[in-house]
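Asker: Below: one structure in structure tokens.
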């Protein structure tokens, strides 16, 4: 019965970001919130957009990206995944031998990420560099990490649509080659 009540809270916003049932994440210094109110759902969706995953895999990926300084609890991650599934942003399949659900992003989930691009980019920058930018990736500036994640997502989203024609493939490669050349000039 408690689980049902919790899902009610998540669906109606009462549990999201409110500490015990929310997605509050301490920083390396023990204070503050990395993802803030509702931010974990954007991080989970983004990670699943990269690769369909089980909840445990997502927890490990977040922990790895934060350099081991934080690992979200299953009590936070799994209800958020359930919420995203109920909202139509994720699709789960139970083909795993252990009965675990593997989540994949839906077209609605991809659209939701795009509609919330600014928030998503902020959450990914925090995930990849921590709140103060001195995270596990050598203190790379958060705006650079955000741009990298944005490019990766744009490439993934385009490559998962219909197959590229030879002309589109050449244009796609040309865009990436121009970007690489521009970066070498900086």
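The values are calculated or read from the model by the stated rules, or taken from the named source; none is laboratory data. Here the structure is a predicted model, which means the values were calculated and not measured. Virtual Cβ from ideal backbone geometry, glycine too; neighbours counted across all protein chains shown.
Asker: Is it true that residue 181 is assigned to a helix (DSSP H, G or I), closer than 24 Å to residue 113 by Cβ, free of Cβ contacts under 8 Å to residues at least 24 places away in the same chain and out of contact with any helix residue (DSSP H, G or I) (no Cβ under 8 Å at 6 or more places or on another chain)?
Answerer: Details: assigned to a helix (DSSP H, G or I): yes; closer than 24 Å to residue 113 by Cβ: no; free of Cβ contacts under 8 Å to residues at least 24 places away in the same chain: yes; out of contact with any helix residue (DSSP H, G or I) (no Cβ under 8 Å at 6 or more places or on another chain): yes.
No.
Asker: Still on this structure: Looking only at the stretch 59-68, which residues are surrounded by 17 or more Cβ atoms within 10 Å (Cβ to Cβ) and either within 15 Å of residue 128 (Cβ to Cβ) or in contact with a strand residue (DSSP E or B) (Cβ under 8 Å, 6 or more places away or on another chain) (or both)? If you could, list the steps in order and put the result at the bottom.
Answerer: We begin by selecting, within the stretch 59-68, every residue surrounded by 17 or more Cβ atoms within 10 Å (Cβ to Cβ); these are 59, 61-62, 65-66.
Of everything in the stretch 59-68, those that are surrounded by 17 or more Cβ atoms within 10 Å (Cβ to Cβ) and either within 15 Å of residue 128 (Cβ to Cβ) or in contact with a strand residue (DSSP E or B) (Cβ under 8 Å, 6 or more places away or on another chain) (or both) turn out to be 61, 62, 65, 66.
Asker: Test residue 85 against the stated conditions and say whether it is under 22 Å from residue 53 (Cα atoms), in contact with a strand residue (DSSP E or B) (Cβ under 7 Å, 6 or more places away or on another chain), in a helix (DSSP H, G or I) and at pLDDT 85 or above.
Answerer: Values: under 22 Å from residue 53 (Cα atoms): yes; in contact with a strand residue (DSSP E or B) (Cβ under 7 Å, 6 or more places away or on another chain): yes; in a helix (DSSP H, G or I): yes; at pLDDT 85 or above: yes.
Against the criterion (under 22 Å from residue 53 (Cα atoms), in contact with a strand residue (DSSP E or B) (Cβ under 7 Å, 6 or more places away or on another chain), in a helix (DSSP H, G or I) and at pLDDT 85 or above), residue 85 qualifies.
Yes/no matrix, rows are residues, columns are (1) at pLDDT below 90; (2) part of a loop (DSSP other than H, G, I, E, B); (3) over 26 Å from residue 151 (Cα atoms); (4) under 14 Å from the mean Cα position of the chain (by Cα):
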site	(1), (2), (3), (4)
9	yes, no, yes, no
18	yes, yes, yes, no
28	yes, yes, yes, no
37	yes, yes, no, no
40	yes, no, no, yes
49	no, no, no, yes
58	no, no, no, yes
67	yes, yes, no, no
75	yes, no, yes, no
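Asker: Name the residue, out of 157, 123, that is under 17 Å from residue 176 (Cβ atoms) and either surrounded by 12 or more Cβ atoms within 10 Å (Cβ to Cβ) or modelled with pLDDT of 85 or more (or both).
Answerer: Values: 123 fails: under 17 Å from residue 176 (Cβ atoms).
Answer to the selection: 157.
Asker: Here is a further query. Pick from the stretch 131-146 the residues that are in a helix (DSSP H, G or I), modelled with pLDDT of 70 or more and more than 14 Å from the chain's Cα centre (by Cα): which of them is surrounded by the fewest Cβ atoms within 10 Å (Cβ to Cβ)?
Answerer: 143
Asker: Does the stretch 93-100 include one or more residues that are under 13 Å from residue 41 (Cα atoms) and modelled with pLDDT of 85 or more?
Answerer: no
Asker: Please enumerate the residues belonging to the stretch 52-63 that are free of Cβ contacts under 8 Å to residues at least 12 places away in the same chain and out of contact with any helix residue (DSSP H, G or I) (no Cβ under 9 Å at 6 or more places or on another chain).
Answerer: So in the stretch 52-63, the residues free of Cβ contacts under 8 Å to residues at least 12 places away in the same chain come out as 57, 60, 63.
Result: 60, 63.
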